[in-house]
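I have placed the structure first, in the form of structure tokens, so that the comments after it can refer back to it.
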């Protein structure tokens, strides 16, 4: 039973990585691209796909905020999945003290992961807001 739960949890960890890989789609150069101009700025304009934000730390559509939101979502999702796995392990432990302890540790670490994901989200939001507003007087 332990091997089945281990294989299921490993399979569940692969799914977010596959979804992230499938979500990255290359887009052709946008209409404002001048392919005859050989400057660095023109090359950067041609490399940027349609709808891709050009700001790194700016507002809602910034690259940094998008990447951190995706990573924090994945951490939170894995923590919730491990919380469910720990609950299932606790229910099917059958009173064996070693399995009960292992299941409780899994639940504890999953809750810690959820708390860390929330705190990281708050920290990233605060820092990106500071960059956006130009606040540096911490």
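The values are calculated or read from the model by the stated rules, or taken from the named source; none is laboratory data. Model, not experiment: these values are computed from the prediction. We place every Cβ from the backbone using ideal geometry, glycine too, and count neighbours over all the protein chains shown.
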Residue 20: passes all of (1) out of contact with any strand residue (DSSP E or B) (no Cβ under 9 Å at 6 or more places or on another chain); (2) modelled with pLDDT under 70; (3) surrounded by fewer than 12 Cβ atoms within 10 Å (Cβ to Cβ); (4) outside the structural domain of residue 107 (by TED's automatic domain parsing) but (3)
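Residue by residue, here is whether (1) in the same structural domain as residue 73 (by TED's automatic domain parsing); (2) surrounded by fewer than 14 Cβ atoms within 10 Å (Cβ to Cβ); (3) at pLDDT below 90 holds:
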{"position": "97", "(1), (2), (3)": "yes, yes, no"}
{"position": "101", "(1), (2), (3)": "yes, yes, no"}
{"position": "122", "(1), (2), (3)": "yes, yes, yes"}
{"position": "131", "(1), (2), (3)": "yes, no, yes"}
{"position": "136", "(1), (2), (3)": "yes, yes, yes"}
